[in-house]
Amino acid sequence: MSSFLARRFAYSLVTLFVLTLLVFFLGQVLPGNVGRAILGPFADQKAVEVLNHQLGVDRPLLVQYGAWIGRFLQGDMGQSYIYRAPVADFVIPALGHSLKLAAVAFLVVVPLGIAGGVVAALNINRPTDRIISLGGLSAAAIPEFVSGIVMVLIFGVWLRWLPISAAWPDGAGALTQLYYLILPAMPLVFVLFGYIARMTRAGMIEALDSDYTRTAVLKGLPWRQVIWRHVLRNALLPTITVVASQTGYLIGGLLVVETLFRYQGLGSLIYNAAKGKDFPMLEASVLIIGLTYAVATLIADLLYSWLNPRIRMDGGQ
Amino acid sequence: MTYVAIPATRNRRHEFFATLLRSGSFLAGVPIVVFWVFCSVFGPHIVPYDPLAEDVLNALGPPSSVHWFGTDQLGRDIFSRVLVGSRDILIVAPLATIMATAVGTVLGLITGYFRGILDDVISRLIEATMAIPGVIVSLLAIVALGTSEGTVIIVIGLSFGPVIGRTVRSAVLAERELDYVAAATLRRENSTHIMFIEILPNILPPILVESTVRLGYAIFAVAALSFLGFGLQPPSPDWALSVSANYSMISGGFWWTVLFDAVAIASLVVGVNLTADGLHGALDD
């Protein structure tokens, strides 16, 4: 168990290291002359050099990387080029907003996806299974802005049941906020449903086919109890990993959904930073996302190994 | 996931196509894809109006017998634009997929054939890059490199490559234990020959399936990037661009300016995914 934990933790660190290298390279090396980019093509060369020196981008790359990581670890994410203010003041509240939207989507899609997978597995190769499986596959393939637009048209414009923007009035309570988040969460639910249902279905089919299920049936246990006690428990294990691994996708999805619904989360922050070439803001947001994702997958793996005695006992080979 | 390579015997190949032709998802997906490919090639010759011709006096007209899908805010005929709207994405997404397939095949062959420390290092790096949210890093790369179709192809190609590499690697791992590889080693063929001339032809089926699956994701990614303004650029009649340009007006009731484009994107991605699902199923049997 402890060697499994150590290895798992090392993986997360390697991933984060690669991510920082990638972000550093893309955000600080590739764009070239930062001072020129900020001041524009007609600025005085001297002014550009002074600004470059102030920003520290005229130092060797390794020194810049070290300083950048060092500052980030101390909570200093840099200054936004656009707002001329600390990036952290924008990134942290935006992260909170995004997590709220993601939580709504997950709360809806996890039970729904598991239920879909279970129903499909219990009706394997019958029409119900084909409808759920192909429906899930198709829903997962459709970009969020496409399903989002259609949902807005149906529920926002034609039926007028739900607000078409996610910006709730100031001081709105939790329930009002939830009301405003239903429509933005829908496209995320569509995409995630297919993945979760597919994994649950595969896990269920494997568990239904196993010796312990046959034993449980043969010893005369009621079918319902076989499913709840024996099959579901084992079938849901891989689903945990899928749910966590989808947080990475989810964040990409948030980018589109938040732009579509004008929601002030990390996605729209990244969108605006990308439009304005605000690299410090972009880098900090991407790193925060990487960190969130690494933590989520780590928790999922810990949960998985804790729930799965085979890994808990023998070190997880 | 294990793939069974199709032996070159006639019988098995016949069986593969027979399974494929019985697969509902394949039969449903292929016509949709063929339809859009046909439109992207011949669309400009069959549409009733020039997709780029503006007619401001007839702007934002609802669907009618003259303009079947209505007109957009510049008075352009939406039916004509939707029909030719697949052109650019059906160039960019397949090119990105071909690039990803090339990168992934080389990565997979090297890691699967040589194993050892090289495999360990590359595989860990592949896992690390796969753990990074692709859309976000693609966006950062596109902002850094500047928006152009070439950038989009390279960025998506490079970010999808490792995923294909993992599939190719597991296929190679199974294949390298077979007698024909041992025979080639005994003949003292060099590693490049064994990898590309001996092994590669035998693992083409799983590579094809994986590429088709990735093509679906590539279309998804290009559409999402175009919607955000970092993919295809105006005045392309691309569907995602049209949705992006018009969605702010739907609260005014101009639903036709986005609905037909949205449905078109949905049909294309679903078509590609159904095709991939059918291929996958036929290969697994």
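The values are calculated or read from the model by the stated rules, or taken from the named source; none is laboratory data. This one's a predicted model, so the numbers in the text were calculated from it and none came from an experiment. Cβ coordinates were reconstructed from backbone atoms using ideal geometry, including for glycine residues, and neighbour counts include every protein chain displayed.
Please go through the range B:191-216 and pick out each residue that is charged (D, E, K, R) and surrounded by fewer than 22 Cβ atoms within 10 Å (Cβ to Cβ).
B:GLU198
Being out of contact with any Pro (no Cβ under 8 Å at 6 or more places or on another chain), under 23 Å from B:MET130 (Cβ atoms), within 14 Å of chain B (Cβ to nearest Cβ) and aromatic (Phe, Trp, Tyr), is that true of even one residue in the range A:20-32?
For the range A:20-32, residues out of contact with any Pro (no Cβ under 8 Å at 6 or more places or on another chain), under 23 Å from B:MET130 (Cβ atoms), within 14 Å of chain B (Cβ to nearest Cβ) and aromatic (Phe, Trp, Tyr): present.
Looking at the range B:154-165, is at least one residue aliphatic (A, V, I, L, M), farther than 20 Å from B:SER123 by Cβ and not in a helix (DSSP H, G or I)?
Taking every residue of the range B:154-165 in turn, none turns out to be aliphatic (A, V, I, L, M), farther than 20 Å from B:SER123 by Cβ and not in a helix (DSSP H, G or I).
Pairs under 7 Å by beta carbon, first residue facing chain A (nearest Cβ under 7 Å) in the range B:134-148, partner in a loop (DSSP other than H, G, I, E, B), six or more apart or different chains?
B:LEU139/B:PHE230; B:VAL143/A:LYS277; B:ALA144/A:LEU30; B:ALA144/A:PRO31; B:LEU145/A:LEU30
I'd like the full set of residues that are among the aromatic types (Phe, Trp, Tyr) and closer than 30 Å to B:LEU232 by Cα, limited to the range B:141-185.
Within the range B:141-185, B:PHE160 is the sole residue that qualifies.
Do we find that B:PHE260 is within 30 Å of B:TRP68 (Cβ to Cβ), at the interface with another protein chain (Cβ under 9 Å from one of its Cβ atoms) and either hydroxyl-bearing (Ser, Thr, Tyr) or in a helix (DSSP H, G or I) (or both) in this structure?
no
Of the conditions (1) assigned by TED's automatic domain parsing to the domain that holds A:ILE205; (2) part of a loop (DSSP other than H, G, I, E, B); (3) touching a residue at least 40 places away in the same chain (Cβ under 8 Å); (4) out of contact with any Pro (no Cβ under 8 Å at 6 or more places or on another chain), A:ILE82 satisfies every one except a single condition; which number is it?
Result: A:ILE82 fails condition (1) only.
Would you point out the residue of the range A:85-108, among those that are part of a helix (DSSP H, G or I) and of a type in the set (Val, Ile, Thr), that is farthest from A:GLN64 (Cα to Cα)?
So the residue we want is A:VAL108.
Given (1) among the charged types (D, E, K, R); (2) under 21 Å from the mean Cα position of the chain (by Cα); (3) surrounded by fewer than 19 Cβ atoms within 10 Å (Cβ to Cβ), identify the lone condition not met by B:ASP119.
The one condition B:ASP119 does not meet is (2).
In the range A:210-317, which helices (runs of 4 or more DSSP H) lie fully inside it and hold 1 or more residues that are facing another protein chain (nearest Cβ under 10 Å) and in contact with a helix residue (DSSP H, G or I) (Cβ under 8 Å, 6 or more places away or on another chain)?
Counting at least 1 such residues, we get A:232-261, A:266-275, A:279-307.
Could you check, for the range B:45-64, whether at least one of its residues is surrounded by 19 or more Cβ atoms within 10 Å (Cβ to Cβ), out of contact with any Gly (no Cβ under 9 Å at 6 or more places or on another chain) and either in a helix (DSSP H, G or I) or at pLDDT 80 or above (or both)?
Within the range B:45-64 (the criterion being surrounded by 19 or more Cβ atoms within 10 Å (Cβ to Cβ), out of contact with any Gly (no Cβ under 9 Å at 6 or more places or on another chain) and either in a helix (DSSP H, G or I) or at pLDDT 80 or above (or both)), the answer is no, since none of the residues qualifies.
Taking the range B:210-253, which residues are among the β-branched types (Val, Ile, Thr) and within 9 Å of chain A (Cβ to nearest Cβ)?
Passing the criteria: B:ILE219, B:VAL243, B:ILE250.
Using the structure shown, decide if A:SER147 is in a helix (DSSP H, G or I), within 12 Å of chain B (Cβ to nearest Cβ) and touching a Pro at 6+ places or on another chain (Cβ under 8 Å).
yes
From (1) within 11 Å of chain B (Cβ to nearest Cβ); (2) surrounded by 12 or more Cβ atoms within 10 Å (Cβ to Cβ), pick out the condition that doesn't hold for A:ALA10.
Of everything listed in (1) within 11 Å of chain B (Cβ to nearest Cβ); (2) surrounded by 12 or more Cβ atoms within 10 Å (Cβ to Cβ), A:ALA10 misses just condition (2).
Right, B:VAL270: without any contact (Cβ under 8 Å) to a residue 40 or more places away in the chain, in a helix (DSSP H, G or I), within 9 Å of chain A (Cβ to nearest Cβ) and on the phi < 0 side of the Ramachandran plot or not?
no
Determine, yes or no, whether B:LEU107 is farther than 26 Å from A:THR297 by Cβ, outside the structural domain of B:GLY252 (by TED's automatic domain parsing) and crowded, with 18+ Cβ neighbours inside 10 Å.
Considered against the rule, which asks whether it is farther than 26 Å from A:THR297 by Cβ, outside the structural domain of B:GLY252 (by TED's automatic domain parsing) and crowded, with 18+ Cβ neighbours inside 10 Å, B:LEU107 comes out as no.
Determine which member of the set B:ALA100, B:ALA93 is buried (at least 24 other Cβ atoms within 10 Å of the Cβ), more than 14 Å from every other protein chain (Cβ to nearest Cβ), within 22 Å of the chain's Cα centre (by Cα) and within 30 Å of A:ASP278 (Cβ to Cβ).
Being buried (at least 24 other Cβ atoms within 10 Å of the Cβ), more than 14 Å from every other protein chain (Cβ to nearest Cβ), within 22 Å of the chain's Cα centre (by Cα) and within 30 Å of A:ASP278 (Cβ to Cβ) holds for just one of B:ALA100, B:ALA93, which is B:ALA100.
Of everything in the range A:228-254, what is of a type in the set (Val, Ile, Thr) and either in contact (Cβ under 8 Å) with a residue 40 or more places away in the chain or touching a Phe, Trp or Tyr at 6+ places or on another chain (Cβ under 6 Å) (or both)? Give them in sequence order.
A:THR239, A:ILE240, A:THR241, A:VAL242, A:VAL243, A:THR247, A:ILE251
Quick one: is B:PHE254 aromatic (Phe, Trp, Tyr), modelled with pLDDT under 90 and within 30 Å of A:LYS275 (Cβ to Cβ)?
When the stated conditions are applied, B:PHE254 passes them.
Spot the failing condition for B:LEU140; the list is (1) under 26 Å from B:ALA221 (Cβ atoms); (2) surrounded by fewer than 22 Cβ atoms within 10 Å (Cβ to Cβ), and only one is missed.
(2)
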